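First up is the structure itself, then whatever we jot down about it.
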Amino acid sequence: MNAYRRDLSELREFCERRRLSEWRELDHAAVRSFAASLHAGGLAPRSIQRHLSAVRTFYGYLLREGAASVNPGIDVRAPKSRRRLPTTLDPDQMGRLLSFRTADTLSARDKAIMELFYSSGLRLQELVDLDLGHLDLADHTVRVARGKGGKTRVVPVGRHALTALRAWLTERRALAAVAGAAADESALFLGRSGKRLKVRAVQLRVGVWARRQGLGVHVHPHMFRHSFATHLLESSADLRAVQELLGHADIGTTQVYTHLDFQHLAKVYDAAHPRARRRPSKDA
């Protein structure tokens with residue numbers, strides 16, 4: 001509510017500068033100018049969109065009260081936000097994160113989770129939703145049954161992930177036996193209680209292992225998916241294949257990883273090419 005009040009206050013100040021004395025005088029062109037002034041003032045596109053949403057909401061109220069005849073905020077859009085490039089781990093960092101030995105049930109489970117994340121590029125929700133029947137160890141695949149849009153896809157599981165999963169399944173049987181009737185019979189990944197593991201628990205455990213392994217950066221589950229896609233593209237450059245593996249409906253979503261790949265190539269170029277960086281002349 002406070003943000004809404006501030007946004008309308010800025011609109012009122014804009015109108016006063018334009019010498020618009022009544023709300024009826026504000027038209028589409030003026031609202032576009034309002035958005036442009038916010039952009040020129042350095043406001044982020046998301047914040048500008050919030051201001052425009054406040055304008056539309058306010059004029060919806062004025063229309064209902066008969067104090068305005070049109071909603072000038074309709075169809076006025078904020079500048080597009082720059083797409084943030086996803087954060088990834090490089091192969092050495094990923095190797096370090098996954099290099100721990102499993103000494104108990106939880107460490108076996110956590111290693112299987114992280115190996116599967118990196119091996120198959122799963123989303124966090126997709127992973128916690130996995131049932132035992134979705135995993136085919138003989139075929140080296142996992143069936144993701146509830147991805148975005150309700151679509152099903154089958155993705156490969158690498159050998160390191162298979163090894164970790166087999167170790168976890170042994171531990172899982174023991175955990176389920178202890179939990180007894182309370183155990184979730186279908187869930188692939190279980191918590192201490194024998195119930196299906198929750199999203200938040202996975203997030204916390206990934207953070208714990210990143211700290212234990214001394215990575216020095218904040219690691220979250222989706223970073224495995226980003227790293228999976230980036231490392232595949234660096235090796236294969238097959239954008240369509242990565243799109244299928246990630247389950248993206250639009251290849252434009254997958255193309256963000258080509259920008260990451262270009263950043264990597266640009267760093268190599270800057271470091272290696274003799275004319276990449278201009279060195280100051282001794283005669284200058």
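Across region 180-235, the qualifying residues are those that are in contact with a His (Cβ under 9 Å, 6 or more places away or on another chain) and in contact (Cβ under 8 Å) with a residue 60 or more places away in the chain, and the one among them that is nearest to Glu115 (Cα to Cα) is Val206. Of all residues in region 24-80, how many are within 34 Å of the chain's Cα centre (by Cα) and among the hydroxyl-bearing types (Ser, Thr, Tyr)? Of the residues in region 24-80, 5 are within 34 Å of the chain's Cα centre (by Cα) and among the hydroxyl-bearing types (Ser, Thr, Tyr).
For region 62-80, give me each residue that is surrounded by fewer than 12 Cβ atoms within 10 Å (Cβ to Cβ) and either modelled with pLDDT of 90 or more or within 23 Å of His226 (Cα to Cα) (or both). Residues satisfying the conditions are Arg64, Glu65, Gly66, Ser69, Lys80.
Suppose the filter is closer than 16 Å to Ala201 by Cα and either assigned by TED's automatic domain parsing to the domain that holds Pro221 or of a type in the set (Gly, Ala, Ser) (or both); does Ala108 pass it?
Answer is yes for this residue.
If only residues of region 102-145 that are in a loop (DSSP other than H, G, I, E, B) and within 17 Å of the chain's Cα centre (by Cα) are counted, the one that is surrounded by the most Cβ atoms within 10 Å (Cβ to Cβ) is Leu122.
Starting from region 153-170, take each residue that is closer than 12 Å to Ile113 by Cα and list its partners that are in a helix (DSSP H, G or I) and among the basic types (Lys, Arg), counting only C-beta distances under 9 angstrom and pairs at least six apart or across chains. Going by the 9 Å Cβ cut-off, the qualifying pairs are Ala164/Lys111; Ala167/Lys111; Trp168/Arg109; Trp168/Lys111. Filtered by the rule that a residue be outside any helix (DSSP H, G or I), among the charged types (D, E, K, R) and buried (at least 16 other Cβ atoms within 10 Å of the Cβ), region 165-206 gives Asp184, Arg196.
The values are calculated or read from the model by the stated rules, or taken from the named source; none is laboratory data. Note that this is a predicted model, so its numbers are computed, not measured. Backbone-built Cβ (ideal geometry, glycine too); neighbour counts: all protein chains shown.
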